[in-house]
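The values are calculated or read from the model by the stated rules, or taken from the named source; none is laboratory data. Keep in mind it's a predicted model, so treat the numbers as computed, not measured. Using ideal geometry, Cβ is built from the backbone for each residue, glycine included, and neighbour counts are taken over all protein chains shown. Side chains are part of the model used for accessible areas, which takes the heavy atoms of the whole protein and leaves out ligands, DNA and RNA. Shrake-Rupley method; radii C 1.70, N 1.55, O 1.52, S 1.80 Å.
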Amino acid sequence: MKIATSWSTSPDTEESIKTAYKLLQSKLGGDPDWMVVYSSVGYDCDRLAACLNRIDPGLSIHGGSSCQGVMTDAGFHSLEGTGLGLFGIKDPSGAYGVGAEDVKASPRDAGRNAIQKAIDAAHRPGEKPQLVWLTCAPGFEEDIIKGIEEVIGSDIPIAGGSSADNTIEGHWKQFINGKGFSNGVVITALYPSTRMHWSFWSGYYATDKMGKVTKSRKRTIMEIDNRSAAEVYNEWTGGAIKESLKGGSVLANTTLYPIGRPLKQMGSLKFYCLSHPESVTPDGGLNIFTDIGENEEIVLMTGSKNRLVDRAGTVAKSALRNGLISSDQVAGGLIIYCAGCMLTIQDDMPKAAANIRETIGGNPFLGAFTFGEQGALVDGANHHGNLMISAVLFESE
């Protein structure tokens with residue numbers, strides 16, 4: 001197996017992708033067997049997909065949009081909010097199948113159909129993949145995961161992230177070779193010739209503020225402990241959303257104060273999946289970016305900019321530990337880093353990228369900045385969360 005990355009911040013869509021692809025080919029010594037493409041929406045993703053199809057109609061491509069740019073082993077790549085990155089694998093003994101679906105009426109059906117297409121494209125009928133890589137439009141990630149698991153079961157890790165734009169205006173994209181989507185799901189079923197290792201964490205820790213969701217509706221917490229969710233959250237955070245208790249966006253004020261849902265405890269360590277408060281409803285509900293049910297226990301989490309900078313490397317280190325491997329056994333990796341976290345520490349993103357590079361021994365990686373993160377936590381289940389980091393490493397041999 002050989003892995004390489006390349007990138008570009010040229011503002012011209014075709015020039016950028018042609019230059020980056022030529023460099024990738026040079027590093028790999030030929031065409032990749034599978035390629036991941038993340039680009040900011042400063043590029044025309046439909047033109048990007050069409051250009052790649054002209055370069056190589058048979059190329060297996062998994063693509064999606066990333067907030068502001070990307071990061072690789074060469075650093076953080078964003079020029080006035082524009083940048084793209086490529087991740088290529090040359091692995092003749094492995095198999096990589098990509099499937100895509102427009103979500104339309106049923107996200108669950110889209111997930112189920114896309115993973116079946118991916119398995120068929122890998123020519124591995126009846127064989128479960130080692131891991132599933134996921135890119136989808138934000139808004140219904142839990143249903144897509146359920147659809148995928150209806151085909152492959154719940155024991156196969158699903159990792160990836162929800163497409164993003166630069167301004168949270170719905171301009172995100174997903175694409176495969178020759179075709180783009182605005183409200184789609186792209187899935188790769190991975191059967192590499194070597195082992196893969198993963199981790200899914202956040203850069204936050206739990207406070208002593210906790211309660212129970214006593215009333216909810218899909219992605220809205222209406223009441224915590226039988227009180228207005230917004231009022232309780234505002235008290236927990238010492239007034240972080242006091243100007244918006246009658247309604248309005250709170251996204252910029254809540255990045256360092258997500259809501260955590262406890263999942264599992266190992267020894268003295270507790271693990272959480274996070275939800276990012278997005279806005280307050282006129283009746284005091286709290287809109288978030290994950291589904292949440294009544295009677296779920298929740299905890300106020302908190303973090304700092306320094307912790308978010310360091311955490312990317314820490315999550316990569318966790319993937320090494322989970323695989324019982326050292327950095328010199330890594331061929332390369334894929335990193336999903338929450339766009340909200342990236343925007344909070346944007347000036348320090350070169351340091352965050354350097355932390356990952358150092359952790360995995362200078363080996364190639366591609367990172368995207370997403371509006372939702374998916375991964376397998378220590379409870380063994382696949383989850384969708386916010387303000388999280390998902391890392392997948394490929395073993396070299």
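Using modelled amide H (1.01 Å from N, peptide plane; none on Pro or chain starts), what sits under 5 Å from the amide H of THR290, excluding residues fewer than 5 places away?
Residues meeting the amide H criterion: HIS276.
Out of residues 5 or more away from LEU256 or on other chains, whose amide H comes under 5 Å of its own, with H placed 1.01 Å from N in the peptide plane?
The answer is none.
Ignoring solvent entirely, what values of log10 I(q)/I(0) come out of the Debye formula for region 1-71 at 0.15, 0.21, 0.28 Å⁻¹ when each Cα is a single scatterer?
-0.44, -0.90, -1.59
Where Lys and Arg each count +1 and Asp and Glu each count -1, what net charge lies around THR370 among other residues with Cβ under 12 Å from its Cβ?
Taking every other residue near THR370 into account, the sum is -3.
Looking at region 164-266, which GluC sites (Glu not before Pro) are DSSP coil and have at most 16 other C-beta atoms within 10 Å of their C-beta?
Within region 164-266, the qualifying GluC sites (Glu not before Pro) (loop, at most 16 other Cβ atoms within 10 Å) are GLU169.
Expressed as a fraction of 2.2 N^0.38 Å, the rule-of-thumb size for a compact globular protein of N residues, what is the C-alpha radius of gyration of region 241-315?
Output field value: 1.24.
Got a number for carbon plus sulfur as a percent of the chain's accessible area, 1.4 Å probe?
46 percent
For region 359-397 and region 55-69, what is the separation of their Cα centres, given in Å?
That distance is 18 Å.
Given H placed 1.01 Å from N in the peptide plane, which residues other than close sequence neighbours of GLY42 have an amide H under 5 Å from its amide H?
The answer is GLY83.
Relative contact order for the chain: what percent, with Cα pairs under 8 Å and sequence separation of 6 or more?
Reported relative contact order: 20 percent.
Tell me the per residue accessible area of the chain using a 1.4 Å probe; a whole number in Å² is fine.
Accessible area per residue: 37 Å².
Can you list the lysines whose alpha carbon sits under 28 Å from that of LYS117, skipping same-chain ones fewer than 8 residues off?
LYS2, LYS18, LYS90, LYS104, LYS128, LYS146, LYS173, LYS179
Pick out, in residue order, every one of the GluC sites (Glu not before Pro) in region 49-139 that is DSSP loop and has at most 12 other C-beta atoms within 10 Å; say none if there are none.
For GluC sites (Glu not before Pro) across region 49-139 that sit outside H, G, I, E and B with at most 12 neighbouring Cβ atoms in 10 Å, the list reads GLU80.
What Kirkwood hydrodynamic radius do you get for the chain when you take the inverse of the mean 1/r over all pairs of distinct Cα atoms, in Å?
20.8 Å
Work out which trypsin sites (Lys or Arg not before Pro) in the chain are exposed loop sites (DSSP not H, G, I, E or B, at most 11 other Cβ within 10 Å) and give the longest gap free of them.
With a cap of 11 other Cβ atoms within 10 Å, the longest stretch comes to 247-397.
Output wanted: per-residue J couplings in Hz (rounded whole) for region 53-58, from phi through Karplus 6.51 cos²θ - 1.76 cosθ + 1.60, θ = phi - 60°, x for Gly and Pro.
Couplings: 5, 5, 5, 7, x, x Hz.
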